[in-house]
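Trainee: Dropping a structure here in structure tokens format, bear with me for questions.
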């Protein structure tokens, strides 16, 4: 199958983490902040969704928004702590689902984009160092099979 490396066993080291919030604004902010902090390579917001659940011995119904975050598994603990600290809920949903398989190039991109970077200004780009090789800035939507 083109664009898929189903036999790559390194794939089990990646997760999709989800949480929900009661507002689109909070969902967007959690996604942005997690990606900006390089705790996730990608944040997606979907919704609204109708939720029904027990809270304080009462049956609740509410409109919520999903936040989906993609990351290497070794970043999970830091992301979970980040979400728990910033989330408006007393007991936020923080669930991780293993990514069983994926394209090698996408998984490599996820790993690269979640590695901490040196402080700004500390590292020169390839162009600043005189390299003829163009500097590549990829977003999830720009990744293409080569």
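Coordinate-derived values only; no laboratory data. For clarity, every value in this text was computed on a predicted model and none was experimentally measured. Quick reminder, even Gly has a Cβ in these numbers, built from the backbone with ideal geometry, and neighbours come from all protein chains shown.
Trainee: Roughly how many nanometres apart are two label points built 7 Å out from the Cα toward the Cβ at residue 38 and residue 86?
Mentor: Distance between the two pseudo-spin positions: 1.6 nm.
Trainee: Work out the FRET efficiency for residue 112 and residue 29 from their Cβ-Cβ distance, taking R0 = 35 Å, and round it to the nearest 0.05.
Mentor: 0.90
Trainee: Bins of 5 Å, beginning at zero and ending with the bin holding the largest distance: percent of Cα pairs per bin for the stretch 10-113, please.
Mentor: Reading upward from the zero bin: 2, 13, 23, 23, 16, 11, 7, 3, 1, 0.
Trainee: Given points 7 Å out from each Cα along the Cα-Cβ axis, report the residue 95 to residue 46 separation in nanometres with one decimal.
Mentor: 1.2 nm
Trainee: Additional query: Give the peptides 27-37, 48-58 in descending order of average Cβ contacts within 10 Å, highest first. Don't skip to the answer; put the middle values down first.
Mentor: On the way: 27-37: 18.0, 48-58: 9.6.
Per-residue Cβ counts within 10 Å, averaged per peptide and sorted highest first, yield 27-37, 48-58.
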